[in-house]
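What follows is one structure encoded as structure tokens, with my remarks underneath.
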Amino acid sequence: QVQLVDSGGGLVQAGGSLRLSCAASGRTSSIYSMGWFRQAPGKEREFVAAFTYSGGSTLYADSVKGRFTISRDNAENPVYLQMNSLKPEDTAVYYCAAGRAFVLYASGYDYWGQGTQVTVSS
């Protein structure tokens, strides 16, 4: 089993920045990729970004490309989602995910964080 704890959400004005963190524990050796998804009220959960645990490959949703960066300093540190130039439409609950596949759909991930709220005011 893998446990994920995501944090770092908050309230920010449009154009501002936030950095989300996702700490993984447990059988992290089973993780191939980690990603971030988000879900706004009344909408389905949507892909934001993902990368292979080794750091070799990354994927971004078109809506965040150039503004968000997924990264990890080293194997001992959390996974981060640096979010810059935030827009009101980025408002959502953000979820960290981990799994054995490097894909854009939520069902491809086995483990999930509890979610952290990001609110961007106009």
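Which members of region 43-62 meet the condition of being of a type in the set (Val, Ile, Thr) and modelled with pLDDT of 95 or more? Scanning region 43-62 gives a single hit, Val48. Collect the residues in region 63-112 that are β-branched (Val, Ile, Thr) and either surrounded by 22 or more Cβ atoms within 10 Å (Cβ to Cβ) or at pLDDT 95 or above (or both), keeping them in residue-number order. Answer for region 63-112, where residues must be β-branched (Val, Ile, Thr) and either surrounded by 22 or more Cβ atoms within 10 Å (Cβ to Cβ) or at pLDDT 95 or above (or both): Val64, Thr69, Ile70, Val79, Thr91, Val93. Taking region 69-89 as the range and being part of a loop (DSSP other than H, G, I, E, B), within 21 Å of Gly15 (Cβ to Cβ) and of a type in the set (S, T, N, Q) as the test, the residues that pass are Asn84, Ser85.
Across region 14-59, the number of residues qualifying as touching a residue at least 24 places away in the same chain (Cβ under 8 Å), of a type in the set (S, T, N, Q) and open to solvent by 30 Å² or more (accessible area, probe 1.4 Å) comes to 5.
Taking the criterion of being touching a Phe, Trp or Tyr at 6+ places or on another chain (Cβ under 7 Å) and over 18 Å from Val118 (Cα atoms), the residues of region 23-49 that qualify are Ile31, Tyr32, Ser33, Met34. Going through (1) hydrophobic (A, V, I, L, M, F, W, C); (2) touching a residue at least 60 places away in the same chain (Cβ under 8 Å); (3) outside any loop (DSSP other than H, G, I, E, B); (4) crowded, with 16+ Cβ neighbours inside 10 Å one by one, Leu11 falls short only on (4). Within region 90-122, the set of residues being over 25 Å from Arg27 (Cα atoms) and in a loop (DSSP other than H, G, I, E, B) comprises Thr91, Ser122.
The values are calculated or read from the model by the stated rules, or taken from the named source; none is laboratory data. Every value quoted in this text rests on a predicted model; they were computed, and no experiment measured them. Note that each Cβ is placed from the backbone with ideal geometry, even for glycine, and that neighbours are counted across all protein chains shown. Note: areas computed on protein heavy atoms with side chains; ligands, DNA, RNA excluded. Shrake-Rupley method; radii C 1.70, N 1.55, O 1.52, S 1.80 Å.
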